[in-house]
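Below is one structure, written out as structure tokens, with a few remarks after it.
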Amino acid sequence: MRRMFLVTALLALLGAGFHMMAATADAQTAPPVTVTETPVTTTPVPGMPPTSGVTQMIHVDDPEGAAAMAKAARDASLALAWKSLPQSQKTLAVGSVLMLVAVTAALLYLAMSTDMLRDNTPPTFAGVTSATGKPLRRAFSLAQSQMAWWFVIVLAGYLYLFLVTGELDTLTGQALCLMGLGTGTAMGAAMVEQNKTNPILAAYQAVLAQMADPATPPADLPTLTATRDTLARQLASRDYVHDILTDANGISLHRFQTAVWTVVIGVLFLIETVVHRKMPDLDPYSLGVLGISAGTYLGFKIPEQPN
């Protein structure tokens, strides 16, 4: 339930951002205040000198009405453009939308029902349950989540641009850099995990081996079982936000920084793509912020202990 709430909140923020950017774009396209000059010649009046001049007529357009008219015109043009498309292109457009929805839904389903976005160890928590009686699962991985995030962001932008432009060559070097950054962070995190010793995991595996050893006295099994359960619950997932932001010392600044910058630049990337109808060319500083965050995360992960 908590995960669904977080997903719904994120989608709501994305929708609000798109709406605000669209409203700003409409306001910028509204006609400005116009001033027209109309020459006027007056009829001479007896006893008065003849005059001639210019009468200024100021027309102040209603900004809200102009924005509404601009939106209606845009919607009409989009509808007309859609009707003018050949049936083959309409099929491709509908297929692109369905593909995006299917990929996103599949990713969310697999993230919640499988270990696709979770740590690789331990391989199993067989026989151990949480305090509420639910089976334990491995903790979510920040690096794997970042990799999935950029995959969906770039895919959504690519399919959107295909729908509105009909072109396939809309990918940019920055988009590939973002995907490569997510992949590189995930690979670096996996290498760090393989080359460091997790004392809690080592103790858990030692207890499992001792319980499986036939030479272990039966009288020691209750104590070993209690120790196994305690260690397993320290290694297991609590919830998504807790897993990606915390280590043994609580919420970590380097993890929080990585997560925040990833979400912020990803949302801005989508908004820019929708408003300008092309994938944005991110400046080197934006990419540098993501690179620094990823490097800091990997650097602190080497001595990091599990939460």
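Going through region 125-141 one residue at a time, which ones are surrounded by 11 or more Cβ atoms within 10 Å (Cβ to Cβ), within 31 Å of the chain's Cα centre (by Cα) and not hydrophobic (A, V, I, L, M, F, W, C)? The answer is SER130, PRO135, ARG137, ARG138, SER141. The set of residues in region 269-294 being free of Cβ contacts under 8 Å to residues at least 60 places away in the same chain and surrounded by fewer than 15 Cβ atoms within 10 Å (Cβ to Cβ) consists of HIS276, ASP283, PRO284, TYR285, GLY288, ILE292. Filtered by the rule that a residue be over 25 Å from ALA175 (Cβ atoms), hydroxyl-bearing (Ser, Thr, Tyr) and in contact (Cβ under 8 Å) with a residue 24 or more places away in the chain, region 123-152 gives a lone residue, SER130.
List every residue pair whose Cβ atoms sit under 7 Å apart, with the two residues 6 or more apart in sequence or on different chains, where the first one lies in region 193-205 and is at pLDDT 80 or above and the second, anywhere, is in a helix (DSSP H, G or I) and of a type in the set (D, E, K, R). Note: pairs meeting the criteria are TYR204/ARG228. Run ASP75 past the list (1) touching a strand residue (DSSP E or B) at 6+ places or on another chain (Cβ under 8 Å); (2) at pLDDT below 65 and report the number of the one that doesn't hold. Only one criterion in (1) touching a strand residue (DSSP E or B) at 6+ places or on another chain (Cβ under 8 Å); (2) at pLDDT below 65 is unmet by ASP75, namely (1).
Listed here are the residues, each with its yes/no results for (1) under 23 Å from VAL152 (Cβ atoms); (2) among the acidic types (Asp, Glu).
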{"residue": "ILE200", "(1), (2)": "no, no"}
{"residue": "ALA203", "(1), (2)": "no, no"}
{"residue": "ASP213", "(1), (2)": "no, yes"}
{"residue": "THR216", "(1), (2)": "no, no"}
{"residue": "THR225", "(1), (2)": "no, no"}
{"residue": "PHE256", "(1), (2)": "yes, no"}
{"residue": "LYS278", "(1), (2)": "yes, no"}
{"residue": "TYR285", "(1), (2)": "no, no"}
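Tell me, please, whether a residue that is among the acidic types (Asp, Glu), free of Cβ contacts under 8 Å to residues at least 12 places away in the same chain and either surrounded by 16 or more Cβ atoms within 10 Å (Cβ to Cβ) or assigned to a helix (DSSP H, G or I) (or both) can be found in region 216-223. Yes; the residues of region 216-223 include at least one that is among the acidic types (Asp, Glu), free of Cβ contacts under 8 Å to residues at least 12 places away in the same chain and either surrounded by 16 or more Cβ atoms within 10 Å (Cβ to Cβ) or assigned to a helix (DSSP H, G or I) (or both). Across region 100-111, the qualifying residues are those that are exposed (fewer than 14 other Cβ atoms within 10 Å of the Cβ) and not hydroxyl-bearing (Ser, Thr, Tyr), and the one among them that is nearest to LYS83 (Cα to Cα) is VAL101. For PHE300, the requirement of being part of a helix (DSSP H, G or I), more than 30 Å from LEU159 (Cβ to Cβ) and modelled with pLDDT of 85 or more is not met. Could you please let me know if ALA259 is of a type outside the set (S, T, N, Q) and farther than 30 Å from LEU178 by Cα? Taking the combined requirement at face value, the residue does not satisfy it. For region 93-128, the tally of residues that are touching a strand residue (DSSP E or B) at 6+ places or on another chain (Cβ under 9 Å) and farther than 14 Å from LEU235 by Cβ stands at 2.
The values are calculated or read from the model by the stated rules, or taken from the named source; none is laboratory data. Since this is a predicted model, take the numbers as computed values, not measurements. Neighbour counts run over all protein chains shown; Cβ positions are idealised from the backbone, glycine included.
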